[in-house]
Amino acid sequence: MGKTNRRLKISLVVAASLAVLLSSAFFIYVSDYYRADDVANAILQSDAVTRAQKNLIVLPSVTPSDTALIFYPGAKVECFAYLPILEKIKRNCDITCILVRMPFNLAIFAKDYADAVIEQFPHIKNWYIAGHSMGGAMASAYASEHQDSIKGLILLGAYIYGGYPAGKALTVYGSFNTTVADKVDYTENVVIIEGGNHAQFGNYGRQKGDPDATISREEQQDIAVHAIKEFLTKR
């Protein structure tokens with residue numbers, strides 16, 4: 001019994017130590033993320049946004065509307081980095097944009113957060129969902145599982161995942177984003193931004209492994225917003 005107890009204690013100590021190491025590694029991993037730049041933070045501090053609880057940042061439409069867009073950020077990107085492009089979408093498309101702040105900046109941990117968003121805004125009748133990179137993948141997965149309630153899907157630097165109809169989705173990516181290009185096996189509602197890359201849909205600087213774009217961040221976002229406006233107009 002003595003040897004058994006000792007072995008059990010050793011096993012418990014090893015398991016506890018491993019759990020601590022894994023937890024530490026995870027928190028080190030999620031603590032290293034891309035921060036929003038000064039342009040994005042200026043919008044955050046402006047009158048253009050309001051907050052609904054601590055995890056939602058709302059950019060209300062210019063005129064009263066029953067249409068809104070939920071946006072899922074890319075992995076390990078501070079959500080505020082997407083305020084510049086969302087402000088442009090709100091202004092040019094006259095649509096309410098609701099930015100979700102994901103746990104640990106990873107949308108994979110809260111794919112169904114749109115449920116809580118929709119619940120908080122009962123006056124909204126027409127829901128769109130969008131996302132960048134991993135946020136786009138999770139938005140696509142959510143839309144695929146809620147096709148009755150999601151009117152359309154918008155993907156930036158991402159591709160349809162989960163079987164959502166291409167006819168109800170818009171896919172926008174930069175020509176230097178070969179990872180996404182290799183996965184897009186459909187042609188309907190696809191916009192390729194020549195000279196664009198992966199990171200410039202957000203305002204968080206350069207991203208590791210991402211080629212330098214040959215157009216400006218503002219130009220890439222303007223092209224994306226124009227495509228989004230055309231897509232929404234047709235819906």
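Matching residues to (1) at pLDDT 95 or above; (2) in contact with a helix residue (DSSP H, G or I) (Cβ under 6 Å, 6 or more places away or on another chain):
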{"position": "M102", "(1), (2)": "yes, no"}
{"position": "L106", "(1), (2)": "yes, no"}
{"position": "Y113", "(1), (2)": "yes, no"}
{"position": "F121", "(1), (2)": "no, no"}
{"position": "K125", "(1), (2)": "yes, no"}
{"position": "H132", "(1), (2)": "yes, yes"}
{"position": "G136", "(1), (2)": "yes, no"}
{"position": "Y142", "(1), (2)": "yes, yes"}
Next item on the list: Mind listing whichever residues of segment 62-85 are touching a strand residue (DSSP E or B) at 6+ places or on another chain (Cβ under 7 Å), within 20 Å of N105 (Cβ to Cβ) and surrounded by fewer than 24 Cβ atoms within 10 Å (Cβ to Cβ)?
Entry: K76, E78
Note to self: I'd like to know if segment 31-45 contains one or more residues that are among the β-branched types (V, I, T), assigned to a loop (DSSP other than H, G, I, E, B), modelled with pLDDT of 75 or more and in the same structural domain as K88 (by TED's automatic domain parsing).
What the structure shows: no
Item checked: Matching residues, segment 159-214, being hydrophobic (A, V, I, L, M, F, W, C) and not in a loop (DSSP other than H, G, I, E, B) -> A166, A169, L170, V172, V180, A181, V190, V191, I192, I193, A199, F201
Checklist line | Residues located in segment 98-112, provided they are touching a residue at least 12 places away in the same chain (Cβ under 8 Å) and surrounded by fewer than 16 Cβ atoms within 10 Å (Cβ to Cβ) | finding: I108, D112
Notebook entry, point to check: Across segment 176-230, what is the total count of residues that are closer than 25 Å to I95 by Cα and either among the basic types (K, R) or not assigned by TED's automatic domain parsing to the domain that holds Y82 (or both)?
Noted result: 2
Next item on the list: Consider A227 carefully, then state whether it is more than 25 Å from Y33 (Cα to Cα) and either modelled with pLDDT of 95 or more or of a type in the set (F, W, Y) (or both).
Entry: yes
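One line per residue, one yes/no per condition, for (1) within 27 Å of E218 (Cβ to Cβ); (2) touching an Asp or Glu at 6+ places or on another chain (Cβ under 8 Å); (3) assigned to a loop (DSSP other than H, G, I, E, B):
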position	(1), (2), (3)
I124	no, yes, yes
G135	yes, no, no
S140	yes, no, no
Q147	no, no, yes
Notebook entry, point to check: For segment 52-73, how many residues meet the condition of being touching a residue at least 60 places away in the same chain (Cβ under 8 Å), within 16 Å of Y142 (Cβ to Cβ) and not in a strand (DSSP E or B)?
Noted result: 1
Check: Going through segment 190-212 one residue at a time, which ones are buried (at least 22 other Cβ atoms within 10 Å of the Cβ) and farther than 19 Å from E78 by Cα?
Finding: I193, G196
Check: Among the residues of segment 163-189 satisfying the criterion of being surrounded by 16 or more Cβ atoms within 10 Å (Cβ to Cβ) and among the small types (G, A, S), which is farthest from A141 (Cα to Cα)?
Finding: S175
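The values are calculated or read from the model by the stated rules, or taken from the named source; none is laboratory data. Note that the structure is a prediction, hence the values are computed from the model and not measured. Neighbour counts run over all protein chains shown; Cβ positions are idealised from the backbone, glycine included.
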